[in-house]
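Worksheet: the structure to be examined is printed underneath.
All of the numbers you see were taken from the coordinates with simple rules; none came from a lab. Here the structure is a predicted model, which is why all the values come from computation and not from measurement. We place every Cβ from the backbone using ideal geometry, glycine too, and count neighbours over all the protein chains shown.
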Amino acid sequence: MKSNRLTGITVITISYNSAGTIEKTIKSVIEQTYGNIEFIVIDGNSTDGTVDILNRYSDKIDILRIEPDRGIYDAMNKGISLSSGEWICFMNSNDSFYNEKVVEDIFNVDTDADIIYGYCIDPDTGKSVKPLNLDLFWKRIPINHQSAFVRSVYYRERPYDLRYSVSSIYDFFYYWYCRGLRFKYIDMPVTVYDMKGLSFYSFAWLWDYVRISMKYSKGKKIKVFFRFIYLFFVRIYINLFLKRR
């Protein structure tokens, strides 16, 4: 999978008890036509057969770690610390690249940017899920991180913050957006992304959201506060509605 003539790309997969989906993810990485991909898998000591599948593909995985961790962001930081590529993409165990030419197509274009991102496909509907305008960072993360390639220097300088239980990805991208990193959108599908795993509007997400957005959204703190109040009561209503069903 490697050629020193090409820019080095590291793809990191995080898994835990993902026996039903991990093989699809692995195949989508190892079948990429791009010639210089480092593939790292960090598994949290799965007990459901995931480890057997990983071992079956161990000759295709450059670095495989199977050990307990302190959660998904701790596992992602482990992958970052082990990586050697100039760019990093996370492709976690419920998701996959759109096709085998995604990485090649992205890095055949001008990469004069710090973060390159496309859009994802919802596997249940087949519909494209396009990113939002970056000016909306104060509301939520506007891009899908599995559809993003980030220069590894920024992950090494500031890895994921373990203080945020479900939104450290939001914190990471918002931090670098506020510091002027060059985001470049490429209008192409990058990822088939399982939307069911989203934690938006859970109470944990809301608590992380208000802390992160208040930290970075200078001039919009009143908007952030009222959005938090609105979403908080929406969450309460949803919970009450579900209990009555």
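Pick from P131, P189, P142, P123: which is more than 28 Å from G71 (Cα to Cα) and either touching a Pro at 6+ places or on another chain (Cβ under 8 Å) or not β-branched (V, I, T) (or both)? Of the residues listed, the single one that is more than 28 Å from G71 (Cα to Cα) and either touching a Pro at 6+ places or on another chain (Cβ under 8 Å) or not β-branched (V, I, T) (or both) is P189. Anything in region 85-123 that is within 14 Å of S152 (Cα to Cα) and hydroxyl-bearing (S, T, Y)? List them, or say none. Scanning region 85-123 gives a single hit, T111. Is it the case that some residue within region 59-81 is of a type outside the set (G, A, S) and free of Cβ contacts under 8 Å to residues at least 12 places away in the same chain? Yes, that holds for at least one residue.
Quick check: anything in region 74-84 buried (at least 22 other Cβ atoms within 10 Å of the Cβ), more than 18 Å from the chain's Cα centre (by Cα) and not charged (D, E, K, R)? No, the conditions are met nowhere in region 74-84. Restricting region 131-141 to residues that are of a type in the set (D, E, K, R) and assigned to a loop (DSSP other than H, G, I, E, B), which is surrounded by the most Cβ atoms within 10 Å (Cβ to Cβ)? Filtering region 131-141 for residues that are of a type in the set (D, E, K, R) and assigned to a loop (DSSP other than H, G, I, E, B), the one surrounded by the most Cβ atoms within 10 Å (Cβ to Cβ) comes out as R140.
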